[in-house]
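Peer 1: Here's a structure for you.
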Amino acid sequence: MASQQSERNEIERLDREYTLGTWTRQRDFDPTQIADTEGPRIVTAEGDSILDFSSQYVCTSLGYDAERVCDAVDEQIRNVPYVNPGWATEPRARLSEKLAEITPGSLKKTFYSTSGTEANEVAFKIARAYTGNHKILSRYRSYHGATAASLSASGDPRRVAQGPEIQPEVPGMVKGPDPYAYGSSLDPDKSLEYIDEMLELEGGTVAAVLVEPLVGSNGVLTPPDDYLPKLKQIAHDHGALLICDEVMTGFGRTGEWFASTLYETEPDIITMAKGLTGSYQPLAATTVTEEIGEYFEDNLLNQGHTFAGHPTACAAGVAAIETYEEEGLVENAREMGEYLTAELESLADRHPSVGERRGIGLHQGLELTRSTDERVPFEERSDKVSSNTTVLDEVGAHALDNDVYFYTSVNTIVVTPPLTIGEAEVDEAVAALDEALEISDDAMDA
Ligand code: PMP
């Protein structure tokens with residue numbers, strides 16, 4: 001695929017003219033039309049078939065051939081397309097039951113919304129109501145959403161990059177360090193001690209500690225195995241709940257249904273979206289423990305959305321989970337994850353600009369460096385709109401020229417293919433990366 005197309009077709013021109021693009025200066029918004037999809041591939045209007053090795057924004061976990069989901073949506077939309085959340089529908093009831101089954105431990109009751117952002121905002125409200133505290137402690141290298149509170153809880157550099165246009169943070173958001181052994185001088189165990197100390201100093205005012213169990217768009221950071229259980233204990237010692245944001249890591253991506261399970265931790269609240277429907281419909285969920293659910297029997301849950309528990313989206317959710325189960329996709333993520341790990345490790349050995357491979361299952365990333373010894377990232381783009389480095393963007397563009405798409409973020413190539421992939425697709429993607437990484441090797445400090 002030519003990443004710089006010479007001529008735009010009518011759809012691309014219309015889209016450019018009348019749509020406000022996300023996270024970008026509008027003069028840089030120049031999208032290529034996707035007119036078709038097949039398996040793990042997107043197909044441009046010009047007929048270029050692109051292997052998607054990031055599942056878009058780590059969300060199209062089922063690829064594009066999930067017939068069962070399409071049929072379920074089709075049937076539901078013709079039957080009961082919508083009623084307000086005050087009515088019961090079969091897809092919502094079945095999905096809630098299913099989520100209670102696949103989420104860890106005593107997590108039981110689910111509140112629905114339509115984006116990961118909202119799922120986190122809902123979690124904050126629930127944690128505040130339940131604990132009587134108001135602060136949320138999150139970490140610097142994190143992304144939790146794009147509206148007021150979830151954005152304020154995010155430490156993503158995109159917030160900084162927007163400079164004065166950014167909205168002021170909502171009060172009560174506290175941020176602590178995260179475990180990042182490769183790029184930080186702070187020992188991961190020390191980062192936990194800091195959080196413990198911070199909670200102590202906040203004096204029992206924190207409602208919840210919010211983390212991505214494996215950080216996603218801020219560099220695919222893998223914590224030590226005992227980090228999450230210890231964090232939960234520390235949170236509870238200070239009267240705070242543990243919220244695990246599994247918007248990216250949920251639904252089999254790490255080779256377990258949830259990354260919390262991987263780390264043998266039962267969060268008090270778990271938030272999810274993306275893989276919940278394989279992104280066939282916009283749907284997000286905030287699931288709480290039985291105990292928290294019971295608290296709201298007599299206390300007001302003062303929250304709601306017109307589209308909460310949208311029947312068509314819930315039907316997609318039920319069918320998506322059945323697809324993960326019947327096609328053994330969680331197991332496939334584990335097995336293919338081992339194969340992918342070996343292949344990426346070999347890439348990292350061959351390319352000095354790959355500082356570190358990180359991740360588990362099909363949630364992987366390659367962090368680039370311009371100096372192997374000093375572990376420093378390439379320079380950030382001078383326009384400051386994107387937190388990406390120019391070199392990282394060039395590596396991504398080169399892979400795309402060879403018809404493989406990688407989402408790139410904060411000096412990291414995000415390697416998160418659909419859970420349906422096999423070895424042949426891993427080989428294809430790794431070959432494209434192998435070639436593209438020559439660009440970053442050449443750009444390293446002399
Ligand atoms: N949490 C995490 C961990 C995410 O990765 C994202 C989106 N990338 C969000 C929350 C926000 O989800 P959404 O874009 O659906 O609002």
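Peer 1: Quick check on the range 166-178. Is at least one of its residues surrounded by fewer than 18 Cβ atoms within 10 Å (Cβ to Cβ), of a type in the set (D, E, K, R) and either more than 16 Å from the ligand (Cβ to nearest atom) or within 30 Å of T312 (Cβ to Cβ) (or both)?
Peer 2: Yes, the conditions are met somewhere in the range 166-178.
Yes/no matrix, rows are residues, columns are (1) outside any loop (DSSP other than H, G, I, E, B); (2) under 19 Å from the mean Cα position of the chain (by Cα); (3) more than 18 Å from I126 (Cβ to Cβ); (4) touching a residue at least 12 places away in the same chain (Cβ under 8 Å):
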position: V209; (1), (2), (3), (4): yes, yes, no, yes
position: N218; (1), (2), (3), (4): no, yes, yes, yes
position: D225; (1), (2), (3), (4): no, no, yes, yes
position: K232; (1), (2), (3), (4): yes, no, no, yes
position: A235; (1), (2), (3), (4): yes, no, no, yes
position: C244; (1), (2), (3), (4): yes, yes, no, yes
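Peer 1: Next up: Consider A285 carefully, then state whether it is in a strand (DSSP E or B) and either within 16 Å of the ligand (Cβ to nearest atom) or touching a His at 6+ places or on another chain (Cβ under 7 Å) (or both).
Peer 2: Yes; evaluated as a whole, the condition is true for this residue.
Peer 1: On the basis of being over 30 Å from A424 (Cβ atoms), part of a helix (DSSP H, G or I) and either modelled with pLDDT of 95 or more or in contact with a Phe, Trp or Tyr (Cβ under 9 Å, 6 or more places away or on another chain) (or both), does A313 make the cut?
Peer 2: Yes, satisfied.
Peer 1: List the residue pairs whose Cβ atoms are under 6 Å apart, where the first residue sits in the range 281-294 and is over 20 Å from T114 (Cα atoms), the second is more than 16 Å from the ligand (Cβ to nearest atom), and the two are 6 or more positions apart or on different chains.
Peer 2: Pairs that qualify, where the first residue is over 20 Å from T114 (Cα atoms) and the partner is more than 16 Å from the ligand (Cβ to nearest atom), are T289/S106; T289/L107; T289/D268; E290/S106; E290/K108; I292/Y130; G293/K108; G293/K109.
Peer 1: Of the residues that sit in the range 227-250 and are acidic (D, E) and within 16 Å of the ligand (Cβ to nearest atom), which one is nearest to Q364 (Cα to Cα)?
Peer 2: E246
Peer 1: Now for a different question. What number of residues within the range 148-157 satisfy the criterion of being in contact (Cβ under 8 Å) with a residue 40 or more places away in the chain and within 11 Å of the ligand (Cβ to nearest atom)?
Peer 2: Going through the range 148-157 one residue at a time, the tally reaches 2.
Peer 1: Here's another thing I want to ask about it. Please state which one of T110, T114, T89 is crowded, with 21+ Cβ neighbours inside 10 Å, under 20 Å from Y280 (Cβ atoms) and either within 16 Å of the ligand (Cβ to nearest atom) or modelled with pLDDT of 95 or more (or both).
Peer 2: Checking each option against the conditions leaves just T110.
Peer 1: Go through the range 293-333 and give me each residue that's over 23 Å from T416 (Cα atoms) and of a type in the set (S, T, N, Q).
Peer 2: N299, N302, Q303, T306, T312
Peer 1: Then there's this: Quick test of your reading of the structure: T24 fulfils all but one of (1) modelled with pLDDT under 95; (2) within 24 Å of T114 (Cα to Cα); (3) touching a Ser or Thr at 6+ places or on another chain (Cβ under 7 Å). Name the failing condition by number.
Peer 2: The one condition T24 does not meet is (3).
Peer 1: Given the range 1-118, what helices (runs of 4 or more DSSP H) lie entirely inside it while holding 2 or more residues that are of a type in the set (G, A, S)?
Peer 2: Answer list for the range 1-118: 90-102.
Peer 1: So, one more: Assigned to a strand (DSSP E or B), among the β-branched types (V, I, T) and in contact with a Gly (Cβ under 8 Å, 6 or more places away or on another chain) - does that describe any residue in the range 372-379?
Peer 2: No, the range 372-379 has no match at all.
Peer 1: Kindly provide the set of residues from the range 13-39 that are exposed (fewer than 14 other Cβ atoms within 10 Å of the Cβ), within 18 Å of Y57 (Cα to Cα) and of a type in the set (F, W, Y), ordered by number.
Peer 2: Scanning the range 13-39 gives a single hit, W23.
Peer 1: Is the range 257-271 home to any residue that is farther than 22 Å from A127 by Cα and within 13 Å of the ligand (Cβ to nearest atom)?
Peer 2: no
Peer 1: For D403, state whether it is over 17 Å from the mean Cα position of the chain (by Cα) and on the phi > 0 side of the Ramachandran plot.
Peer 2: yes
Peer 1: Further question on the same structure: Select, from E193, E197, E121, the only residue that is at pLDDT 95 or above, closer than 26 Å to P223 by Cα, outside any loop (DSSP other than H, G, I, E, B) and within 16 Å of the ligand (Cβ to nearest atom).
Peer 2: Just one listed residue meets the conditions, E121.
Peer 1: Return the residues of the range 124-147 that are within 8 Å of the ligand (Cβ to nearest atom) and crowded, with 24+ Cβ neighbours inside 10 Å; say none if nothing qualifies.
Peer 2: Passing the criteria: Y143, H144, G145.
The values are calculated or read from the model by the stated rules, or taken from the named source; none is laboratory data. Owing to the predicted nature of the structure, the values given are computational and were not obtained by experimental measurement. Backbone-built Cβ (ideal geometry, glycine too); neighbour counts: all protein chains shown.
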